[in-house]
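The values are calculated or read from the model by the stated rules, or taken from the named source; none is laboratory data. Just so it is clear, the model here is predicted, and its values are computed rather than measured. When we count neighbours, we look across all protein chains shown, and the Cβ atoms used for this are built from the backbone with ideal geometry, even at glycine. Heads up: the accessible areas ignore ligands, DNA and RNA and are worked out on the full protein's heavy atoms, side chains in. Shrake-Rupley method; radii C 1.70, N 1.55, O 1.52, S 1.80 Å.
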Amino acid sequence: MNYPIVVYPCDEGGFVAEIPALRGCLAQGETLEETLQELIVVRNLWLETAKKHGQKLPDIESAIAKVKALSSV
């Protein structure tokens, strides 16, 4: 699933990346590449856990709308 992501730099260095549609799904790293690689791991674990517990996954279109709203602030 291709949920939109948000990436931003940390004040102390490095980056944070998150998938707003998947509550609590975020990762951080020293480089952008490291951060995105870690986010893939976290996303896969998040989706695996949701599936295991029978959670309904967020709609991708709603997720895109949420990210657009966040980016217009």
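Structural remarks
- Only one of the listed residues (Ile64, Ile19) is surrounded by 10 or more Cβ atoms within 10 Å (Cβ to Cβ) and more than 11 Å from the chain's Cα centre (by Cα). That residue is Ile64.
- Meets criteria (without any contact (Cβ under 8 Å) to a residue 12 or more places away in the chain, open to solvent by 50 Å² or more (accessible area, probe 1.4 Å) and either part of a loop (DSSP other than H, G, I, E, B) or of a type in the set (Gly, Ala, Ser) (or both)) for Glu12: yes
- Where a residue in the range 43-63 is closer than 15 Å to Leu26 by Cβ and touching a residue at least 40 places away in the same chain (Cβ under 8 Å) and its partner, wherever it lies, is open to solvent by 70 Å² or more (accessible area, probe 1.4 Å) and small (Gly, Ala, Ser), with Cβ under 8 Å and at least six apart: none
- Among the residues of the range 25-73, those that are assigned to a loop (DSSP other than H, G, I, E, B), at pLDDT below 95 and closer than 16 Å to Ile5 by Cβ comprise Leu57, Pro58.
- Residues (part of a strand (DSSP E or B) and either among the polar types (S, T, N, Q) or touching a Ser or Thr at 6+ places or on another chain (Cβ under 8 Å) (or both)) located in the range 15-24: Phe15, Val16, Ala17
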